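The values are calculated or read from the model by the stated rules, or taken from the named source; none is laboratory data. Everything quoted here is computed from the prediction, not taken from an experiment. Here the Cβ positions follow ideal geometry from the backbone for every residue, glycine too, while neighbour counts run over all protein chains shown.
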Amino acid sequence: MFEGQPKGLYALALANTGERFGYYTMLAIFTLFLQAKFGYTAAETSTIFGSFLGFVYFMPLIGGILADRFGYGKMVTSGIVVMFLGYTLLAIPTGADITGKAMMFGALALISCGTGLFKGNLQVMVGNLYDNPQLSGKRDTAFSLFYMAINVGALFAPTAATKVTNYVLAGSHFTYEPQIPSLAHQFLDGTIKPDGNVLLEQLKAAQGFTGDMATFCTTYIEQLSKAYNYGFAVACISLIISMAIYVAFRSTFKHADVNNKQKVQSGSIDAQADELSPADTRQRIIALLLVFAVVIFFWMAFHQNGLTMTFFARDYTAKSVMGFDRLGFDVLNLVLAVVAVYSAFSFFQSKTSKGKGISGVLLVAAVIGIAANYHTMDGEVKILPQIFQQFNPFFVVALTPVSLAVFSYLARKGKEPSAPRKIGFGMLIAACGFMILAVASLGLPTPTTVQTEGIADNLLVSPNWLISTYLVLTFAELLLSPMGISFVSKVAPPKYKGMMMGGWFVATAIGNYLVAIIGYLWGDMQLWMVWSVLIVCCLLSALFIFSIMKRLEKVS
């Protein structure tokens, strides 16, 4: 898996890991922040969240066009600086007035622009490492490893956000209670209903607050908002680390920081010889556009993790776990599980007794570590809604070697599916993921009912429903995302590489903007019907890509 990969892959992957850690720390709490601080409704939050994600993934098109002209490296370093400014603005505590909103939206604009300069161009450089014919066969594996590194950063992000939230609230003698922000805004706005008022009084007493209700509501909102601001500051630190890695190890990938224009100017390629015919160029671009059309609906479904799936975690999922269920809610256990998986693979793949011995020791140590940590955990572990977002990156990191092993075996047998076919299978699996949530949601009250009246503890569902959904969606993601990026880097006409990689992100941007549509349904509609919309979208997308499979495989 790691054998024979160029050093530049690891340098670029680690630089991206730092940036993604900060981004996903921010994303884990972003929708919660919008509703807690500003009192936005689910529909308003969905619009802001979807628009932000849309711009984050649209701007790589602009970044790619600029990189095709000025160079990839310049755009990457500029992007880190711009993102840092954005996260700094977002980390500054403000009021919920017009100034606070202006700073928040300004921060989102800077983060979007900076990501546009950074994200796609870094991935183009990864692809460029494998333009050498001797390395071209390792391209798909490289992008799987690169994607795994992204998720290493994302794995720790929800825990970082949770730790900061709990620390700041504890400083004011508060604990996190998901129903307080909404009820507090209703009280301050004068829209709270009698049942909600009774519930808010009970929650206030449980927090040990002795002042009047208005002071409690204002103070709790201010402290929770500040906790989220400090969580955003984590992203600033992670970007400094990312920049340090990128600059320190630039020598390992400097040769990949060359666009087509620079290659022609240096004489390393013949512009005429390297250029495809107009017909071939058109055929490749059309194939890419067809794939882009399909992945729109995957990202529309997948990125519900930061919106409606977070709402589901907050409003409908048990607030604590006991027994073996506690294992997954300590990031140390997840890290040890990853070590165990990789040690097991290394044990069976090692060709020397020394390698097998080291791998065996690590495997046993990881299992013992998990058992020891389990016995030292509290009997009951409280859950904050953002913590569920650690399961997707955990599954990506843990399952990447499994995925690579399976496809390596199929490749040796000459039966490995093409990248477009993997994307089609990914869409089918994504539909299965939301079927799990649809079943879990049967008989639950609507979100509007929960917002105004609360929900009885006996109706809260097991966290395992959400965890299972994340597991299935991860299988879909591993088939679709890294394979899609690899497909773009391989099929894109040389002189349009930056633009086509940007096109992949535009498709992602459209899908992310459409995330808001599901948020608009989050109100009076039954939950199983909300998830069914996503199931239908995934199934139709799978049907479409399989219908054009021959055309896609012709150019891949």
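Residues being buried (at least 24 other Cβ atoms within 10 Å of the Cβ) and small (Gly, Ala, Ser): count how many of those fall in the range 517-542. Qualifying residue count for the region: 2.
Return the only residue of Ile510, Ile535, Ile548, Ile517 being within 28 Å of Phe146 (Cα to Cα) and not polar (S, T, N, Q). Break it down stepwise before answering.
Numbers: Ile535 fails: within 28 Å of Phe146 (Cα to Cα); Ile548 fails: within 28 Å of Phe146 (Cα to Cα); Ile517 fails: within 28 Å of Phe146 (Cα to Cα).
The conditions single out Ile510.
Among Val164, Val76, which is among the hydrophobic types (A, V, I, L, M, F, W, C), crowded, with 24+ Cβ neighbours inside 10 Å and either closer than 21 Å to Phe49 by Cβ or over 16 Å from the mean Cα position of the chain (by Cα) (or both)? After ruling out the rest, the residue left standing is Val76.
Taken over the range 183-209, the residue count meeting the criterion of being outside any helix (DSSP H, G or I) and more than 16 Å from Gln223 (Cα to Cα) is 4.
Just so you know, in the range 466-489 the residues that are at pLDDT below 80 and more than 16 Å from the chain's Cα centre (by Cα) include one that is farthest from Pro393 (Cα to Cα), and it is Ser489. The residue pairs whose first member lies in the range 222-233 and is without any contact (Cβ under 8 Å) to a residue 12 or more places away in the chain, whose second member is buried (at least 24 other Cβ atoms within 10 Å of the Cβ) and of a type in the set (Lys, Arg), and whose beta carbons are closer than 9 Å, counting only pairs six or more residues apart or on different chains, are Glu222/Lys37. Val335 meets all of the listed conditions (1) over 23 Å from the mean Cα position of the chain (by Cα); (2) surrounded by 14 or more Cβ atoms within 10 Å (Cβ to Cβ); (3) of a type outside the set (D, E, K, R); (4) not assigned by TED's automatic domain parsing to the domain that holds Leu399 but one, namely (1). Here Ala431, Ala419 are screened, and the one residue that is at pLDDT 90 or above and either crowded, with 16+ Cβ neighbours inside 10 Å or not assigned by TED's automatic domain parsing to the domain that holds Val294 (or both) is Ala431.
In the range 338-357 there is at least one residue matching the filter, namely being hydroxyl-bearing (Ser, Thr, Tyr), assigned to a loop (DSSP other than H, G, I, E, B) and surrounded by fewer than 19 Cβ atoms within 10 Å (Cβ to Cβ).
In the range 195-229, what count of residues is obtained for those that are modelled with pLDDT under 90, surrounded by fewer than 16 Cβ atoms within 10 Å (Cβ to Cβ) and either of a type in the set (Gly, Ala, Ser) or farther than 17 Å from Ala456 by Cβ (or both)?
2
Of all residue pairs spaced 6 or more apart or on separate chains, those with beta-carbon atoms under 8 Å, a first member in the range 25-44 that is in contact (Cβ under 8 Å) with a residue 24 or more places away in the chain and a second member that is among the basic types (Lys, Arg) and surrounded by fewer than 24 Cβ atoms within 10 Å (Cβ to Cβ) are Leu32/Arg314; Phe38/Lys101.
Counting residues in the range 329-348 that are under 30 Å from Thr31 (Cβ atoms) and small (Gly, Ala, Ser) gives one or more. Taking the conditions (1) in contact with a helix residue (DSSP H, G or I) (Cβ under 9 Å, 6 or more places away or on another chain); (2) more than 24 Å from Val406 (Cα to Cα); (3) hydroxyl-bearing (Ser, Thr, Tyr) in turn, Ser346 satisfies each one other than (2).
Of all residues in the range 487-516, exactly one satisfies the criterion of being outside any helix (DSSP H, G or I) and either without any contact (Cβ under 8 Å) to a residue 24 or more places away in the chain or surrounded by fewer than 22 Cβ atoms within 10 Å (Cβ to Cβ) (or both), namely Pro493.
If you scan the range 434-451, which residues turn out to be surrounded by fewer than 17 Cβ atoms within 10 Å (Cβ to Cβ) and in a helix (DSSP H, G or I)? Once the filter is applied, which keeps residues that are surrounded by fewer than 17 Cβ atoms within 10 Å (Cβ to Cβ) and in a helix (DSSP H, G or I), the range 434-451 yields Val439, Thr448, Thr449. For the range 122-141, enumerate the residues that are assigned to a helix (DSSP H, G or I) and farther than 15 Å from Thr17 by Cα. If the condition is that a residue be assigned to a helix (DSSP H, G or I) and farther than 15 Å from Thr17 by Cα, then Val124, Met125, Gly127, Asn128, Ser136, Gly137, Lys138, Arg139, Asp140, Thr141 are the ones that fit. Hey, any hits in the range 416-426 for a residue that's on the phi > 0 side of the Ramachandran plot and free of Cβ contacts under 8 Å to residues at least 24 places away in the same chain? No, the range 416-426 contains no residue that is on the phi > 0 side of the Ramachandran plot and free of Cβ contacts under 8 Å to residues at least 24 places away in the same chain. Applying a threshold of 8 Å to beta carbon distances and a minimum spacing of six or more residues, or different chains, the list of pairs starting in the range 83-99 at a residue that is in the same structural domain as Gly63 (by TED's automatic domain parsing) and touching a residue at least 40 places away in the same chain (Cβ under 8 Å) and ending at one that is charged (D, E, K, R) and assigned to a helix (DSSP H, G or I) reads Met83/Glu19; Pro93/Lys226; Ala96/Lys37. Any residue that is modelled with pLDDT under 95 and farther than 20 Å from Leu224 by Cβ - is there at least one of those in the range 92-101? The answer is yes; a qualifying residue exists.
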